Amino acid sequence: MTAREEERALVAQVEGHLLLAATREEGRRAAARLADRFGWLTDSQRTDLERHFETEYAALARMSWHRTAQRAEQLRHEYESRYRSLRQLLLVGFLLACALPTATVLLTLAARAPL
């Protein structure tokens, strides 16, 4: 692995940790807001509710990230396929653009040549 690849891997890992930490904090805040709506809960019930909510929040976020990554991979394949098709079409167009004047010049020279 090159230094550049190691650097990218480290950055991706740090970004992942930051994203996970932010998601956990969002889950905690959302859990606290939910538990606040139930003022009659005991402390242990509130803690239990918050813990379950945080767990579900993180699971939903993970599923969302997974679906997003799958869709990104699918789009990448679609775009790469389209890019290859367009590149081939451009190559054919370029070859035709080169061949047509060449053929015209050759036919003109052949018509002028003495038999």
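Quick look at the values:
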quantity	calculated
Residue check for LEU49: open to solvent by less than 100 Å² (accessible area, probe 1.4 Å), touching a helix residue (DSSP H, G or I) at 6+ places or on another chain (Cβ under 7 Å) and assigned to a loop (DSSP other than H, G, I, E, B)	no
Residues that are open to solvent by less than 90 Å² (accessible area, probe 1.4 Å) and in a helix (DSSP H, G or I), drawn from the range 25-46	GLU25, GLU26, GLY27, ALA30, ALA31, ALA32, LEU34, ALA35, SER44, GLN45, ARG46
Number of positions in the range 75-99 that are polar (S, T, N, Q) and open to solvent by 90 Å² or more (accessible area, probe 1.4 Å)	1
Residue within the range 2-24 that is open to solvent by 90 Å² or more (accessible area, probe 1.4 Å), within 32 Å of the chain's Cα centre (by Cα) and touching a residue at least 24 places away in the same chain (Cβ under 8 Å) present	yes
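Yes/no per residue for (1) in a helix (DSSP H, G or I); (2) at pLDDT below 95; (3) in contact with a strand residue (DSSP E or B) (Cβ under 9 Å, 6 or more places away or on another chain):
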{"site": "ARG76", "(1), (2), (3)": "yes, no, no"}
{"site": "GLN88", "(1), (2), (3)": "yes, no, no"}
{"site": "LEU91", "(1), (2), (3)": "yes, no, no"}
{"site": "THR104", "(1), (2), (3)": "yes, yes, no"}
{"site": "THR108", "(1), (2), (3)": "yes, yes, no"}
{"site": "LEU115", "(1), (2), (3)": "no, yes, no"}
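The values are calculated or read from the model by the stated rules, or taken from the named source; none is laboratory data. Remember, predicted model here, so these are calculated numbers, not experimental data. A quick note on method: Cβ atoms are made from the backbone with ideal geometry, for glycine too, and the neighbour counts reach across all protein chains shown. We work out accessible area using only protein heavy atoms, side chains counted, and drop any ligands, DNA or RNA first. Shrake-Rupley method; radii C 1.70, N 1.55, O 1.52, S 1.80 Å.
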